[in-house]
Amino acid sequence: MRHLISSIGVLAIALAPAMLAQDTRTVAEPTIPPACATLDAHLTTINDGTYNTLAPADESKLDTDRIQKAIDSCGKGKAVALRIHGSSNAFLSGPLELREGVTLVVDKGATLFETIDPAVMETAPGSCGVVGTGPGGCKPLISVNNVSGAGIMGDGVIDGRGGENILGKNVSPWDLGELALKQGGAQKVSRLIVCNHADNFTLYRITLRNSPNFHVSYRAGDGFTVWGVKIDTVHRIADSPHPLSRNTDGIDPSGGSKNITITHCYFREGDDNIAIKGGGPGELTQMTVSHNHFYWGHGMSIGSETNAGVSKLRVYDLSLDGTDSGIRIKSMGTRGGLVHDVVYDDICIRNSGRPLDITMAYASNGPVKGNSPPTFKDITLKNVRVSGGGKLLFDGYDHDHRAQITLDGVWLTDAANSDKPYAYTFDYADITYGPGGSNLQFPTPATDVTITGKPTEGKPDSCTEKFVPFPKD
């Protein structure tokens, strides 16, 4: 990795050769702005046996007004810093809004907690902390709307407390996700950070933890940098008391956005690690995902909304260790569109239930068939190594809407291991073996499939150094 000094004296890191990066900006490691105000913590965390949280007596001691007033009075290019003070290390807040050019910094050792009082977060009386239908719900903890140059930075933690019981109830936001799945309706809970028309927004070094719903949503913006961020959300395992953290996506860039870089990050949560949503108001394009590590979660995903299109995506130097899916492109006939010019390069996947999960017949959010069918073409998997078994899906929609995939160095590194078998779903697909080779040998039967080239032998690169532990705080 080479180092450059920009014309303004900021240390920049070249992320990759130009042919890999699709973000058209020159992306340098961010720097934390000088503080316009520094706020001392007044609360102290406790551990309730499961989470670091706040004492029940502190639930009414909101810092919302204090933090928001500091943000409102801060000038562009400056930051509001939250810091520990003696043994006090915590802040408690309801909804906050960032302003033009202002950064919120959570210093090392400090935690900004979201309130568990739904009345503080509701958009209408009784609309938050319930399973319901129709409009309304909860405000995000942090909104970034129609401003540019804002950011959230620091070595501290922002904790949404999604696994803790809602104030006055015996259910958590995550429990509501389970109830909505079983009973119908929608889980009316908050998202941690929501950005709309937020150009040149930056997340840097911050740890995001236990959001009630998506951790970060970014929509209709030009310029989004996520650098050195950790997303760390409890994931239920067998015989564990933790509720399932359903719908806790990590980073969700959505339609109308461009020039996005997510790099040097560590993500583990209860849904998609990254979910690229191509559902409008326009195409999502020019996105780079580099030098990242994913743990539990649903993998590196596109969809299921693709109706406005996704293009010019490059994903490289990524490890996925124990994710439910690995490389995942999903859509369906009711929300499909064109996904193209997508390259995955230098990817290591192990112990994933669906290490290669490319399907136009995704059904969780509605019927497979509809009047908006998807098309996936110009999708290249390059230098991808898979181990640990699982299902491999190359699953198109119909004869005219196909999964067109090039395998250019795609290797099952333990294919002979009968204890970890691989299974295929394979239809309405055009598969091309590229010059890098592959040992994927597609079985029959298959419906409306073309194959160009043949499987080959080869020696894939090692993944030994790719799989690293999730970093400690």
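The values are calculated or read from the model by the stated rules, or taken from the named source; none is laboratory data. All figures in this text were calculated on a predicted structure; none of them were measured in a lab. Positions of Cβ are backbone-derived with ideal geometry, glycine not excepted, and every protein chain shown enters the neighbour counts. Please note that ligands, DNA and RNA were not included when accessible areas were found on the heavy atoms of the full protein model with its side chains. Shrake-Rupley method; radii C 1.70, N 1.55, O 1.52, S 1.80 Å.
Taking the listed residues ILE262, ILE329, the one that is part of a strand (DSSP E or B), surrounded by 20 or more Cβ atoms within 10 Å (Cβ to Cβ) and under 13 Å from the mean Cα position of the chain (by Cα) is ILE262, with no other qualifying. Looking across segment 148-188, the residues that are open to solvent by less than 20 Å² (accessible area, probe 1.4 Å) and part of a loop (DSSP other than H, G, I, E, B) come down to ALA150, GLY154, GLY156, GLY160, ARG161, GLY162, GLY163, ILE166, SER172. Within segment 115-131, is even one residue on the phi > 0 side of the Ramachandran plot and buried (at least 18 other Cβ atoms within 10 Å of the Cβ)? Scanning segment 115-131, I find at least one residue that is on the phi > 0 side of the Ramachandran plot and buried (at least 18 other Cβ atoms within 10 Å of the Cβ), so the answer is yes.
Among the residues of segment 134-147, the one identified as of a type in the set (S, T, N, Q) and in a loop (DSSP other than H, G, I, E, B) is ASN146. Note on segment 39-91: among residues that are of a type in the set (Asp, Glu) and part of a loop (DSSP other than H, G, I, E, B), the one that is surrounded by the most Cβ atoms within 10 Å (Cβ to Cβ) is ASP63. Has segment 457-472 got at least one residue that is surrounded by 14 or more Cβ atoms within 10 Å (Cβ to Cβ) and not in a loop (DSSP other than H, G, I, E, B)? Taking every residue of segment 457-472 in turn, none turns out to be surrounded by 14 or more Cβ atoms within 10 Å (Cβ to Cβ) and not in a loop (DSSP other than H, G, I, E, B). Checking each residue in segment 396-420 for being open to solvent by 40 Å² or more (accessible area, probe 1.4 Å) and aliphatic (A, V, I, L, M) picks out ALA415, ALA416. Based on this model, can you work out whether THR334 counts as β-branched (Val, Ile, Thr), open to solvent by 10 Å² or more (accessible area, probe 1.4 Å) and not in a strand (DSSP E or B)? Against the criterion (β-branched (Val, Ile, Thr), open to solvent by 10 Å² or more (accessible area, probe 1.4 Å) and not in a strand (DSSP E or B)), THR334 qualifies.
When segment 385-438 is filtered for residues that are in a loop (DSSP other than H, G, I, E, B) and within 17 Å of ASP345 (Cα to Cα), the ones remaining, listed by number, are THR413, GLY434, PRO435, GLY436, GLY437.
THR425: of a type in the set (Val, Ile, Thr), over 24 Å from MET287 (Cβ atoms) and touching an Asp or Glu at 6+ places or on another chain (Cβ under 7 Å), yes or no? The answer is yes for THR425.
Of all residues in segment 205-224 being under 18 Å from GLY149 (Cβ atoms) and open to solvent by less than 10 Å² (accessible area, probe 1.4 Å), which is nearest to the chain's Cα centre (by Cα)? Across segment 205-224, the extreme among qualifying residues is VAL216. Scanning segment 296-309 for residues being part of a loop (DSSP other than H, G, I, E, B) and open to solvent by less than 20 Å² (accessible area, probe 1.4 Å) gives a total of 6. Of the residues making up segment 192-204, those that are in contact with a Ser or Thr (Cβ under 7 Å, 6 or more places away or on another chain) and open to solvent by 10 Å² or more (accessible area, probe 1.4 Å) number 4.
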